[in-house]
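Engineer: Shown below is the structure under consideration.
The values are calculated or read from the model by the stated rules, or taken from the named source; none is laboratory data. Since the structure is predicted, the reported quantities are computational estimates derived from the model, not experimental observations. In this analysis, Cβ positions are derived from the backbone assuming ideal geometry, glycine residues included, and neighbour counts consider all displayed protein chains. Note: accessible area is taken over every heavy atom of the protein model, side chains too, but ligands, DNA and RNA are not part of it. Shrake-Rupley method; radii C 1.70, N 1.55, O 1.52, S 1.80 Å.
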Amino acid sequence: MKLYEFQGKEIFKKYGIPVQSGFLIHKNDEVKNLTPPLVLKSQLLVGGRGKAGGIKIWDGNTDALKIINELFSLKIKGEKVRAILALEKVDILREIYLSITFNRGKSTPVLIVGTSGGMDIEESARLNKEKIHFVEIDPFLGILEYQIRFVAKKINIGNYLEFRNIIRAVYKIFKEYDATLVEINPLAITPSGFVAIDAKVNLDDQSSFRHEELFNRLREEKEFIQDKKKVHTSKPKEDTITYVPLSGDIGLISDGAGTGLFTLDLINEYGGKVANFCEMGGITNSEVMFKSLKMVASDHSVKSILVVLIGGFNRMDDMAEGILKFKKELNKDIPIFIRMCGTKEEIGKELMKKANIPVYDSLNVAVEKTIKKAMEN
Ligand code: GDP
Ligand code: MN
């Protein structure tokens, strides 16, 4: 799960990494008593906000509300601005790049430090390889003093102790939160020391079971920002249904665990992200189909739904009835894509076609169509 800057910075603060003080502005909030100078930053999950005009400095000479409204009218890389983080502006003497992520080849964490951070890091990384330093971290030993000294020297850091504490804190966050990325770009050197200007924290969804409360809280905050509706965060326990909340935008329903997991992998491979996954649990009926759709659709981040059915015990005409009931009674306009085969397949498909619900024989095609629709919506 990707965190917003303000969520990442909350964690930074807790671990002693210096951040600017500030507050969050939601759309339609009444904003008053602002003191300049402020940096107004659109809260988005995509990178490169600065270059796209999503970050503005308010020096007090113009109307802050005008800038705020301008930011709220922006859509950057397909994402609408729904919250703005207002921070006290700091003076930047130098920008550094700092992150810890996984070296997937070696299956170890790696510390990455760049002489110059900021908005052009990707460009400068390509052009000046000697300006970026990688340090492999042994997960059993953790990050060692000499490794930090090595990079500090390489990039000419004067205030070593402060720098070391920040790196240690970043590694601690990386470990304790089961993160896949903790990035500070830029880490600024200001007249009064280091300040983390930006925060990018990605958490590993696979370890969400270890941080259930945290994931639920972060998800709720996100949901609040995204459309101010509440999302299903805990596991609803009903019948034989197994419900797994994840963090993408596709709802997935299957009649067996194996089919479901296989399809989940396939969706990932095609570049999609599953928001939640419902396994109906072996032998099932139209009512369970209906309930599963209802559960999956109650998560507001679901933009399209894929139903994958292999009819051995299950009858496809039954399954189709459940889908039709969902369409009729809940009247949700989330597009549904079906792949069904097996017992009473012909009748099931016929019912779907009559209701204009697309059915595909190829699972790959069904997956592609579902992802495409989720991206459009
Ligand atoms: P990104 O473009 O999404 O990576 O957003 P950042 O938070 O990294 O901000 C982009 C750039 O805005 C930074 O590299 C800084 O140069 C500039 N910036 C952000 N906050 C401040 C600030 O408080 N003071 C100054 N002087 N520049 C800032
Ligand atoms: Mn940045």
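Engineer: Being within 16 Å of ligand 1 (Cβ to nearest atom) and open to solvent by less than 30 Å² (accessible area, probe 1.4 Å): is that true of N185 here? Lay out the reasoning, then the answer.
Structural biologist: Values: within 16 Å of ligand 1 (Cβ to nearest atom): yes; open to solvent by less than 30 Å² (accessible area, probe 1.4 Å): yes.
So N185 fits the description; yes.
Engineer: May I ask you to list the residues in segment 32-48 that are open to solvent by 20 Å² or more (accessible area, probe 1.4 Å), in contact with a strand residue (DSSP E or B) (Cβ under 6 Å, 6 or more places away or on another chain) and either away from ligand 2 (no atom under 16 Å from the Cβ) or basic (K, R) (or both)?
Structural biologist: P36
Engineer: Output the number of residues of segment 60-80 satisfying the condition of being within 15 Å of ligand 2 (Cβ to nearest atom) and open to solvent by 30 Å² or more (accessible area, probe 1.4 Å). Give the steps one after another, and end with the answer.
Structural biologist: Of segment 60-80, the ones within 15 Å of ligand 2 (Cβ to nearest atom) are 76-77.
This time we only want the ones that are open to solvent by 30 Å² or more (accessible area, probe 1.4 Å), so: 77.
Adding up the residues that qualify gives 1.
Engineer: Return yes when R168 is open to solvent by 80 Å² or more (accessible area, probe 1.4 Å), away from ligand 2 (no atom under 15 Å from the Cβ) and not in a strand (DSSP E or B) and no when it is not.
Structural biologist: Yes, satisfied.
Engineer: On to the next question. Tell me the strands (runs of 3 or more DSSP E) entirely within segment 63-121 that contain at least 2 residues that are within 13 Å of ligand 1 (Cβ to nearest atom), on the phi > 0 side of the Ramachandran plot and not assigned by TED's automatic domain parsing to the domain that holds A188.
Structural biologist: Values: elements: 83-88, 94-103, 108-114.
It comes to none.
Engineer: Can you tell me which residue within segment 135-163, out of those that are small (G, A, S) and open to solvent by less than 70 Å² (accessible area, probe 1.4 Å), is farthest from I100 (Cα to Cα)?
Structural biologist: Step one: of segment 135-163, the residues small (G, A, S) are 142, 152, 158.
If we keep only those that are open to solvent by less than 70 Å² (accessible area, probe 1.4 Å) too, we end up with 142, 152.
Working: G142: 12, A152: 15 Å.
Looking at the filtered set, the residue picked out is A152.
Engineer: For the structure I just gave you, tell me whether V39 is hydrophobic (A, V, I, L, M, F, W, C), within 10 Å of ligand 1 (Cβ to nearest atom) and under 27 Å from E162 (Cα atoms).
Structural biologist: Working: hydrophobic (A, V, I, L, M, F, W, C): yes; within 10 Å of ligand 1 (Cβ to nearest atom): yes; under 27 Å from E162 (Cα atoms): yes.
Against the criterion (hydrophobic (A, V, I, L, M, F, W, C), within 10 Å of ligand 1 (Cβ to nearest atom) and under 27 Å from E162 (Cα atoms)), V39 qualifies.
Engineer: Which count do you get for residues in segment 171-196 that are within 16 Å of L93 (Cα to Cα), touching a helix residue (DSSP H, G or I) at 6+ places or on another chain (Cβ under 7 Å) and away from ligand 2 (no atom under 16 Å from the Cβ)?
Structural biologist: Counting residues in segment 171-196 that are within 16 Å of L93 (Cα to Cα), touching a helix residue (DSSP H, G or I) at 6+ places or on another chain (Cβ under 7 Å) and away from ligand 2 (no atom under 16 Å from the Cβ) gives 1.
Engineer: Now, a different point. Only one of these is among the β-branched types (V, I, T) and crowded, with 19+ Cβ neighbours inside 10 Å: I57, I11. Name it. Please lay out each step first, then the result.
Structural biologist: Working: I57 fails: crowded, with 19+ Cβ neighbours inside 10 Å.
Every option except I11 fails the conditions.
Engineer: Residue check, I92 against (1) surrounded by 20 or more Cβ atoms within 10 Å (Cβ to Cβ); (2) in contact (Cβ under 8 Å) with a residue 60 or more places away in the chain, all met but one. Which one?
Structural biologist: (1)
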